[in-house]
Amino acid sequence: MTVKSDLQQAIAACESAKGSYAMMAQATEDKQIKQMYEQMTSDVERHLQYLDGRLNYLNENNTLNQQTES
């Protein structure tokens, strides 16, 4: 497995977790728990931004990726 595919898998897992947290936030009536899930959603969003940035960097700057995609 390559770094690029590892990143893509991590991004997919984070997107899934983010969706799960958002659904759990909507499903609860407990304000404290709702806030916790919303915070977890925000945390995962920050992780996704980092991972997306790293994947974009690899796509733009890694000559091996550019050769295999052409």
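Residues in segment 1-25 that are over 30 Å from Thr63 (Cβ atoms) and out of contact with any helix residue (DSSP H, G or I) (no Cβ under 8 Å at 6 or more places or on another chain): Ser16, Gly19, Ser20, Met23.
The helices (runs of 4 or more DSSP H) found wholly in the chain and carrying at least 3 residues that are at pLDDT 95 or above occupy 3-27, 31-61.
The values are calculated or read from the model by the stated rules, or taken from the named source; none is laboratory data. Remember, it's a predicted structure, so these values are computed and weren't measured experimentally. Virtual Cβ from ideal backbone geometry, glycine too; neighbours counted across all protein chains shown.
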